[in-house]
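See structure below.
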Amino acid sequence: MKKKYPIGIQTFSRIIREGLVYVDKTDLVWQLAHYATFIFLSRPRRFGKSLLTTTLESYFKGEKELFEGLKIMQLEKEWQQYPVIRLDLSMAKNQATPDNLRARLMLMLEDYAEEMFKRIKARYDGYHFSEKSEDIYNPYSLLNAFPYQTDGRSVAKVGVKINPDTRIPEDWVIL
């Protein structure tokens, strides 16, 4: 039986799970993950940016089963899981002011904050969480509260300073 083309499907996990045609470039994903310091994707529409970011997301989440039979399996020896926050900025289109954009981004982060809080609570089961710990649901608190993973790895926080007049990114900030 012939495989179908993933017309309009931009999600790596869906393409793999549904057995659709996938051109294996996972060796390049591995190289990006191991050798690139900073990555800026600037490509035209319909050029595979979403597929690449969802492939990176699956890789960093440690979803090894999705990569069975692909080139990356020959390269990666130590599959690890990392918390991944992927923001689809197309969901923040047409925000009239920087405050509207900030509010939209905070809404997008709320689900991640809630999930992270549940994981933290589960990991430290038996510890007392004060009322103030509920502040972790606030995305600002979540992103500032944990400078290190529990295994000692540091957490990189990346932000963009946007010019309020032109709405063009001016500076990338790594905290």
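Whether any residue in the range 62-83 is part of a helix (DSSP H, G or I), under 21 Å from the mean Cα position of the chain (by Cα), exposed (fewer than 13 other Cβ atoms within 10 Å of the Cβ) and modelled with pLDDT of 95 or more is what I want to check.
yes
For the range 12-35, does any single residue satisfy the condition of being within 19 Å of M91 (Cβ to Cβ) and assigned to a loop (DSSP other than H, G, I, E, B)?
The answer is no, given that none of the residues of the range 12-35 is within 19 Å of M91 (Cβ to Cβ) and assigned to a loop (DSSP other than H, G, I, E, B).
Are there any pairs with C-beta distances below 8 angstrom linking a residue in the range 54-66 that is under 14 Å from I16 (Cα atoms) to a residue that is of a type in the set (S, T, N, Q) and open to solvent by 10 Å² or more (accessible area, probe 1.4 Å), with the two at least 6 apart or on different chains, and if so which?
Within 8 Å, the pairs are T54/Q10; T54/T11; T54/S13; S58/S13; E63/S13; L66/S13.
The values are calculated or read from the model by the stated rules, or taken from the named source; none is laboratory data. This one's a predicted model, so the numbers in the text were calculated from it and none came from an experiment. Quick reminder, even Gly has a Cβ in these numbers, built from the backbone with ideal geometry, and neighbours come from all protein chains shown. Quick note on the areas: whole protein, heavy atoms, side chains included, nothing else; ligands and nucleic acids left out. Shrake-Rupley method; radii C 1.70, N 1.55, O 1.52, S 1.80 Å.
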